[in-house]
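Novice: Would you mind keeping the following structure in view while I ask a few things?
Just so it is clear, none of the values below were taken in a lab; they were calculated from the coordinates. Note that the structure is predicted; figures quoted are calculated from it, not measured. Methodologically, a virtual Cβ is constructed for each residue, glycine included, from the backbone with ideal geometry; neighbour enumeration extends over all protein chains shown.
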Amino acid sequence: MAKVFKSLLLGICDKTIMRLKNSSRKYEILQNHRVESSLSRQVKKNNAQLYKLLVATNTAEQIFDIKMYKAIKQYDLSAHWTQRAVNTKYANVCFSSSDNIDVLNTAKRLHAEQINEIAKKRAIYVEKWNQRKQAYLATHIDNQTVIDKSKQDFEQLLQNACGEIDAQFETKYAVAQDKIKVHQSITDRKLASALERKNKLLRNEFQPLSEDTVLSVKDLCMYFGGLHAVEKLSFDVKKGEIFGLIGPNGAGKTTVFNCITQFYKPTSGQLLFNDKQNQTIKLTDYAVHDIVLQGISRTFQNVEVIKEISVLENLLIAATRFYTSSILEHALHLPILRIEEKLIKDRALNLLELMGLSTYKDWYAYGLPYGILKKIEIARALMVQPKLIILDEPAAGLNDTETAELAKLIKRIRDEFNCTILLVEHDMSLVMSVCDRICAISFGKELATGTPKQIQADKSVQEAYLGVVEE
Amino acid sequence: MTVFDNLASTLLGSLPSISVLVLATLAVTLIFKTSYTTNFAQGVISAVGSYLVMELMLFYRVPMYIGILAGITAGILIGLFIDIVIFRNGRYVNAIGKQIITMGMVSLLVGVIPFVFKTAGLEAVYLMPMVALNKYVVLSKNIAIQINSLVYFGISAVIVTVVFLLLNLSKWGLGVRSTASNEQVAGMLGINTYVITAASWAIAGALGAVSATMYAGFNMMSNSLFMTTIQVNAFLACILGGFATFYGPVLGAVIIPLISALIGFTAIYIPTLSTWREVLVYVVLLLLILWKPQGLFGPRAVRKV
Amino acid sequence: MTSTQFKSRLLCDKTPLEKETESIDSIKRALKNPLSQYIIFGIILIALQALSSLGDELRITIIKVSFMSALGSTLIYSMVSIGFCLLLGYSGLASLGTAGFIGIGAYCAFFCLQEWNVPYIVAILFALAVSIVIGVLVGFISLRIEGIYLAIITLGLAEILRYALQAIRATININLKNIVLFGTKIDKTTVYYLIVIVLLILMWITSNMINSPTGRAMLAMKNSTSAAQAYGISLMKYRLLAFVLSTCYAALAGVMYMMYLRSVSTSMSTLFKLATSLNILGAVIIGGAKSIWGVLAGTFIMYGLSPMFLSDVKFLTENPTFITLFTGFLIILVVMFYPGGLAQLVQLGKIKISAFIKKAKEKKYGKSI
């Protein structure tokens, strides 16, 4: 009973912490947006005037030229397309083994004729327009003084506008930052007290982890009815390391992952994690969908990319919990949503760029090759700014070059994103080349933990993989 | 009348419903097992069968058993039509798609029935007094049972036994069971899943026709959707018993009328209950299903991630 | 943020030519914005009614009364379909309880407006409150039972609602004449305007929802519950939301239905039965479960086509079930060959046309590299 009560209290604590964080972020975003939008309005207003003056600075001839340019453009365009067609044919002939130069030559001739024709038509058309221009210029005489004055006015206005923006920016930005600071200090105080409360709740239950440990699994047991999938498994994952979990098929590796991410509630055992605020928490206190907020993200063995939406949107899904706007704000499409959407989209685009997936951003995930889906999953895992990434068989279904690429990528992620990586893998070359430490398990029990070299030398691991060697 | 008498007569009164529902449920289960879909058209297919029987008997003076055979044939043909013509030719048909196609079949058949059958225009008719509506077998001083109910129960029991024997002993039964556990593997092992599925649809159609004909014997055929209640109950029976086994749904189909009868029995003493009888039945069912989503007789499943 | 960022925007580097094309673009963009599309749609709907009223005053038939009333009921069912589209197309939850949900709204309206004599806005709020409770209930059920089973359970739930409403009041005599709406006493025209406004608001809210993180979260939930949960999408929250929204839409439609009927004596069992749920499902499937316009078109085919345009065809008036047959046939065809519904057909058509234009251009100018 007390346990249930405690987890309830803990839940309330977490809700408060999240609400406070959200509110301070939301406040910041809104204040900044207010400054931006007021200045943008200013810019727009000035731009209208500037545009008017700019038109006035043009001579009648210039204005007419623009009209003429527009009218003649179509001829240039068609000539351009015809030329391009010749180039295509040329390229085709170059690349094809059959040397049908004749075809190319006839095409060239035909197209040259076409271009000539176009040029002729164009010349006639230009002539016509020139006549019109003469007539136009005869009626419209430029007033040089007016033009000069507009030029002067334009310069003046531009300078004024710049000055105004500078001044306004200084004051408004400063005011906004002050407001944000005040708001933040208030929420920070509340946050501190909430964290304190949470600490109090958690105290006595377990020893907090040391700074450099991220995840600690202790005596983890997971039974499905009579099946002991994981039995008394313990290991620690240090900060910034790549930790591998290996074992033969059915050893319970994925079950361990599912226990960590709370898809399964472990039968017994302790799962401790140092969350984003460096506070030690018990993962079993959280629901599946709250794990990601603590800083753990994962990929799946059988790629779970949402096929109905584009690659970019797949990344945005990962950020669902990082929007500060509520469902009501979504339903009414309030500005806060648009601002946030832009910020998060930028993040997602950056990540796609980093993964080399920019070209696929608007593609539907349906029908993309397996290697790309795997990359999308990793990008999606990075979307949530995780502290620990859990990769479930990242190399399954990839060929050798792709696997080598993946090894590089994993190391790069660790270095650039400052996170710890826990992975399950069958591909020994990947595990041995990437991992700092490895834990080998068999039938849910730990066999050995150590560096790749130690594991390779270990007798029990060899036995598990190759069978018992009779001597 | 003693309490026991009341209880006994209400329970015996549910016999016809049980016999009808068991057949309908068996049909739904067979189709679910082989095609992985719930057949929403089951009720209407059955209705077509019973309308045919009625048409033949009323307008062509055909003897009853031939009429019933014709009804069964119609059920079989419609079942085969759905499986062979529609499901096999669809380009993108998945489980949900099949479900929706059967819903489309409901609209289609509801539209077709008034075109084809003159009897559909008649309102509220009883079909086929098997023996006689008012003949009773007197069991004790206060308990009597309609002969019709006994006949129904007998027919139903025989059919269920035959289907179960077929399922467990015949080659088709083996095919159905293996298709039910994994269609692709069954196909690879040399079982012609097409034939198995088509046969299941045919048998389901036949079962439906029999059940509707029986149902029309003690209930009115008010319109072409008159089997809807039975169909809804059959679905609920399937979930109640659990789709995992074949006997589960059948037991579920026995349980539902019994629950209804029990509530009817309490309503004798608490009269206000009688207005809320159907509501209570469904609420009880819902609670039972929520308590055991895998069915009363089904195993628990673990989700794989 | 820096001030130079804004100053760089000051320099007017657009040529007058660009400015000219910009104004055309801005009109195009505005037309693509869903809100303006909906407003145009609403204006057309209101103009139809205004024309019909004008005809009444001038004693000529510009638009038939039967046409308008069929249009009104089509719009009412459209509300239900839009809610259902959110449920089926986005959350992947198949429900057959729709008829029951509409029934709730209808009964709430009946009791509020006729028995208790409260303003219509209170009736709407009351119906919403009741349907939220029911929606939450179904949402919780959907957490335990999924997929094909859920459709059946909701079917059972609809039966419960139907029998419960029947037990409360078997037949209802609706006679709503004294309700004040928009400052005038209720009549068919004002209710029609109310229906259009409510429908537009629902369309707008729905389109906002599906283009926001909420809609994406629902899609994620539909496609892969494990991925959704791993990325912080609470199944409970979004399933409840989907069910609450769809029941609310249905209940609103029920309220509108009662107000639109105004005077009739009927019972729950004839008003909303399984066929209603199936028809709504059919409408959503035919139209395309993920597109609001598609769903509207589907509802029109199911409910509007025959009473609005085909009421004069003799064959159809003699055989009223033919249209049921036809819709059944259509549903089967759509599921067999175009699972995306009419929306998918339109999309394919667009692609084909653009490909045709491209081909024509290539023919004229030659192929590009």
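Novice: Distance between Cα centroids, segment A:36-80 to segment B:14-80: provide it in whole Å.
Specialist: 76 Å
Novice: Another one. Plugging the Kirkwood radius over Cα pairs into Stokes-Einstein for segment C:221-302, at a temperature of 37 °C and a viscosity of 0.692 mPa s, what D comes out in µm²/s? Walk me through the intermediate numbers first.
Specialist: Details: Rh = 15.2 Å.
It diffuses with D of about 216 µm²/s by this estimate.
Novice: Moving on. Using +1 at the Cβ of each Lys and Arg and -1 at the Cβ of each Asp and Glu in segment B:18-227, identify which of B:Ser178, B:Ile31, B:Leu109 lies farthest towards the dipole's positive end.
Specialist: It is B:Ser178.
Novice: Skipping prolines and chain starts, which residues have an amide H placed within reach, meaning under 5 Å, of the one on A:Ile246, given they are 5 or more residues away or on another chain?
Specialist: Residues meeting the criterion, in which the H sits 1.01 Å from N, are A:Cys439, A:Ala440, A:Ile441.
Novice: Choose one answer from B:Lys33, B:Lys292, B:Lys141: the residue with the largest mean-square fluctuation in a GNM of chain B with alpha-carbon springs under 10 Å.
Specialist: Comparing B:Lys33, B:Lys292, B:Lys141 in a Gaussian network model of chain B, the most mobile one is B:Lys141.
Novice: Out of every Cα pair in segment A:108-230, what percent are spaced more than 20 Å from each other?
Specialist: The answer is 81 percent, as a whole percent.
Novice: Can you tell me the equivalent ellipsoid semi-axes for chain A? Use √(5λ) from the Cα gyration tensor, largest first, whole Å. Kindly include the intermediate steps, with their values, before the conclusion.
Specialist: Working: eigenvalues 745, 289, 52 Å².
For chain A, the semi-axes come out at 61, 38, 16 Å.
Novice: Another question about this same structure. For chain C, take the convex hull of the Cα atoms, compute a quarter of its surface area, and give me that in nm², please.
Specialist: 27.4 nm²
Novice: Would you kindly derive the ³J(HN,Hα) couplings of segment C:100-117 from the backbone phi angles with the Karplus curve 6.51 cos²θ - 1.76 cosθ + 1.60 (θ = phi - 60°), listing them in order in whole Hz, with x for Gly and Pro?
Specialist: Rounded to whole hertz, the list is x, 5, 5, x, 4, x, 4, 5, 4, 4, 4, 5, 5, 7, 9, 7, 9, 6.
Novice: On to the next question. Can you tell me which lysines have their Cα less than 28 Å from the Cα of C:Lys177? Leave out same-chain residues fewer than eight positions away.
Specialist: C:Lys64, C:Lys185, C:Lys188, C:Lys273
Novice: List the residues, sorted by chain then number, that are 5 or more residues from A:Tyr364 or on another chain and whose placed amide H is less than 5 Å from its amide H.
Specialist: none
Novice: So which GluC sites (Glu not before Pro) in segment A:262-359 are both in a DSSP loop and have at most 12 other Cβ atoms within 10 Å of their Cβ?
Specialist: none
Novice: Now, a different point. Please list, in order along segment A:139-154, the HN-Hα scalar couplings obtained from phi with the Karplus expression 6.51 cos²θ - 1.76 cosθ + 1.60 (θ = phi - 60°), rounded to whole Hz, x for Gly and Pro.
Specialist: So the Karplus estimates, Gly and Pro as x, are 7, 9, 9, 6, 9, 4, 5, 4, 4, 4, 4, 4, 4, 4, 4, 4 Hz.
Novice: Given N residues in the protein assembly as shown, what is its alpha carbon radius of gyration divided by 2.2 N^0.38 Å?
Specialist: The protein assembly as shown yields a ratio of 1.13.
Novice: Which of the trypsin sites (Lys or Arg not before Pro) found in segment A:249-282 are loop residues per DSSP with 15 or fewer other Cβ atoms within 10 Å of their Cβ? Mind dumping the intermediate values first?
Specialist: Working: sites: A:Lys253, A:Lys276, A:Lys282; in loops: A:Lys276.
Filter output for segment A:249-282: A:Lys276.
Novice: A follow-up question, please. For the cross-link pairs A:Lys307/C:Lys237; A:Lys6/A:Lys276; A:Lys6/A:Lys232; A:Lys307/A:Lys361, which exceed 19 Å when the distance is taken from alpha carbon to alpha carbon?
Specialist: Exceeds cut-off: A:Lys307/C:Lys237; A:Lys6/A:Lys276; A:Lys6/A:Lys232.
Novice: Which whole-number percent gives the relative contact order of chain C, counting Cα pairs below 8 Å spaced six or more residues apart?
Specialist: 26 percent
Novice: Moving to a separate point now. Given contacts defined as C-alpha pairs under 8 Å and at least six residues apart, what's the relative contact order of segment A:180-311, whole-number percent?
Specialist: 21 percent
Novice: Take every Cα pair under 8 Å in chain B that's 6+ residues apart, average their separations, divide by the length, and report that relative contact order as a whole percent.
Specialist: 33 percent
Novice: Now, a different point. Please work out how much length the chain gains when fully extended from A:Arg132 to A:Gln270, using 0.36 nm per residue of separation minus the C-alpha to C-alpha distance, in nm with one decimal.
Specialist: Details: separation 138, 0.36 × 138 = 49.68 nm, distance 8.77 nm.
That works out to 40.9 nm of additional length.
Novice: Okay, next question. Evaluate the charge dipole of segment A:200-287 about its Cα centre and quote only its size in Debye, nearest 20, assuming +1 on the Cβ of each Lys and Arg and -1 on the Cβ of each Asp and Glu.
Specialist: My answer is approximately 140 debye.
Novice: Going by how many other Cβ atoms sit within 10 Å of their own, how do A:Tyr223, B:Tyr36 line up, fewest first?
Specialist: In increasing order of surrounding Cβ atoms, one gets A:Tyr223, B:Tyr36.
Novice: Moving on. Give the residue from B:Ser50, B:Leu240, B:Tyr92 lying farthest towards the positive end of the charge dipole for chain B; charges sit on Cβ (+1 for Lys and Arg, -1 for Asp and Glu) and the dipole is referred to the Cα centre.
Specialist: Selected residue: B:Tyr92.
Novice: Convert 20 °C to kelvin, take the viscosity as 1.002 mPa s, use the Kirkwood radius over C-alpha pairs of segment A:213-466 as Rh, and evaluate the Stokes-Einstein diffusion coefficient in µm²/s, rounded to a whole number.
Specialist: 112 µm²/s
Novice: Near the amide H of C:Leu96, under 5 Å away, which other amide H atoms are found, from residues 5 or more places off or on another chain, if H is placed in the peptide plane?
Specialist: Answer set, sorted by chain and number: C:Thr154, C:Leu155.
Novice: Moving on. Given N residues in segment B:18-227, what is its alpha carbon radius of gyration divided by 2.2 N^0.38 Å?
Specialist: 1.08
Novice: Given the -39500 (n - 2.57) contribution per DSSP H run of 4+ residues, what per-residue ellipticity at 222 nm results for the protein assembly as shown, rounded to the nearest 500 deg cm²/dmol?
Specialist: Numbers: 44 runs with 770 residues, N = 1145.
After summing the helix terms and dividing by residue count, I get -22500 deg cm²/dmol.
Novice: Going by how many other beta carbons lie within 10 Å of each one, how would you line up C:Leu54, C:Leu176, C:Leu96, fewest first?
Specialist: C:Leu54, C:Leu176, C:Leu96
Novice: What is the distance, in nm, between label points placed 7 Å from the Cα along the Cα-to-Cβ direction at C:Leu345 and at C:Leu305?
Specialist: Between C:Leu345 and C:Leu305, the label points sit 0.8 nm apart.
Novice: How do B:Leu109, C:Leu345, A:Leu315 rank when sorted from fewest to most other Cβ atoms within 10 Å of their own Cβ?
Specialist: Final ranking by Cβ density, sparse to dense: C:Leu345, B:Leu109, A:Leu315.
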